[in-house]
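For reference, the structure discussed in these notes is given below.
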Amino acid sequence: MNRFACDCGSPVYFENDFCINCRSALGYDPIRADMVTLADWGDGRYQDLLGNTFRYCANGVEHAVCNWLRPADSLSQFCQACQFNRTIPDQSRTENQERWLVLERAKKRLFYTLAQLNLPLLNGWADPQRGLLLDFIEDARSSDEYPETFVSTGYLGGIITVNALEADTVARVTAQDELGESYRTVLGHLRHESGHYYWSLLNPSPSLLAEFRLLFGDERADYRAALDAHYKAGSPKHWKDRFISAYASSHPSEDWAECWGHYLHIYDALDTAWAHQLLGRQPETMSMTERLRAWSKISLMLNELNRSVGRGDAYPFVINEFVAEKLEFIDLAIDRLRTLH
Ligand SMILES: [Zn+2]
Ligand SMILES: [Zn+2]
Ligand SMILES: [Zn+2]
């Protein structure tokens, strides 16, 4: 993530909608991938220093969950990112307002990195065949209105589904313990699920598919049976020798999605390190091998910084040679996906 500043010079976060120094309105312009300082022109319109006019996304105006801008004359009332929403949690329940905000923020970070990587990204309203949509859904665990329903976070046929409870800190920590997934975050989920989506777009050539199966295994293996076995019998004892996480060992498709998620984590974190002058080069200009070398230093620093302030490791993962090869493969796959624009 880049560093952003208000026109007054004060640093601002990606999530800010006003400057705490000069009180100017701020918003994120996805077209320029930059935070914009805004002057109020009335009637919901705002202008930047260059004379561009914007409006805030309707989800920002009505629900305060979005700080993205849209061109003042755009046809949709939603920003680029909110146009991917299909279902949002029931906003008449107060706890859902905070959950939705958490989900939106994670989604924006995911979309930021996908745009940085120049990956194709179209919403499913504009492109029903190949586009992506998101459902943030409740079930019996969070609302009496959905008795006997159980919605799990996942991906199917162009739809990423996230159980709204994932955005609830208490519920997520409980699930972390139950499933042995100490690194469960909303952003981590979204990045993982986006991996399934991009796999569906990839349409690999026979040689690429052969290489995939060599590294990850045969993705045609019975998915239901593999997942049932994973949750019943647990992961193989020595999963750390070959996989990035225990869950990755459950099925080749999950291994791909886990590695994809980590690829995005690493890319974004290196980009942030570069923006803050902790890294000499932008990750975009580096080979995957160079990125992984840089990441072993930066992630160590990240963990030490976290320990310095009494927190656990931010990145408690080991990238062994097998995982490194899988990440190299994902780098190749991303090159191929870029040609699909
Ligand atoms: Zn300012
Ligand atoms: Zn929006
Ligand atoms: Zn998955």
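The values are calculated or read from the model by the stated rules, or taken from the named source; none is laboratory data. Predicted, not measured: the structure shown is a model, and the values here were computed from it. As a convention, Cβ positions derive from the backbone with ideal geometry for all residues, glycine included, and neighbour counts pool all protein chains shown.
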For this session: Scan the range 24-48 residue by residue and report those that are under 30 Å from ARG93 (Cα atoms) and of a type in the set (Gly, Ala, Ser).
Result: ALA25, GLY27, GLY44
Exercise. Residues in the range 294-332 that are in contact (Cβ under 8 Å) with a residue 60 or more places away in the chain and either basic (Lys, Arg) or outside the structural domain of THR272 (by TED's automatic domain parsing) (or both): how many?
Worked result: 1
Exercise. Given the structure, is ALA226 more than 25 Å from PRO120 (Cβ to Cβ), assigned by TED's automatic domain parsing to the domain that holds SER296, part of a helix (DSSP H, G or I) and in contact with a Pro (Cβ under 9 Å, 6 or more places away or on another chain)?
Worked result: yes
For this session: Take ARG3 and decide whether it is within 24 Å of ALA115 (Cα to Cα), surrounded by 12 or more Cβ atoms within 10 Å (Cβ to Cβ) and away from ligand 2 (no atom under 15 Å from the Cβ).
Result: yes
Exercise. Can you name the strands (runs of 3 or more DSSP E) wholly within the range 15-75 that have at least 2 residues being surrounded by 12 or more Cβ atoms within 10 Å (Cβ to Cβ) and away from ligand 1 (no atom under 16 Å from the Cβ)?
Worked result: 53-56, 69-71
For this session: Give me a count of the residues in the range 76-121 that are touching a strand residue (DSSP E or B) at 6+ places or on another chain (Cβ under 6 Å), more than 21 Å from THR185 (Cβ to Cβ) and assigned to a loop (DSSP other than H, G, I, E, B).
Result: 1
Exercise. Inside the range 49-67, can you point out the residues that are touching a residue at least 12 places away in the same chain (Cβ under 8 Å) and within 18 Å of GLN91 (Cβ to Cβ)?
Worked result: TYR56, CYS57, ALA58, ASN59, GLY60, VAL61, HIS63, ALA64, VAL65, CYS66, ASN67
Exercise. Is at least one residue of the range 245-267 within 15 Å of ligand 3 (Cβ to nearest atom), part of a helix (DSSP H, G or I), in contact with a Pro (Cβ under 8 Å, 6 or more places away or on another chain) and not charged (D, E, K, R)?
Worked result: yes
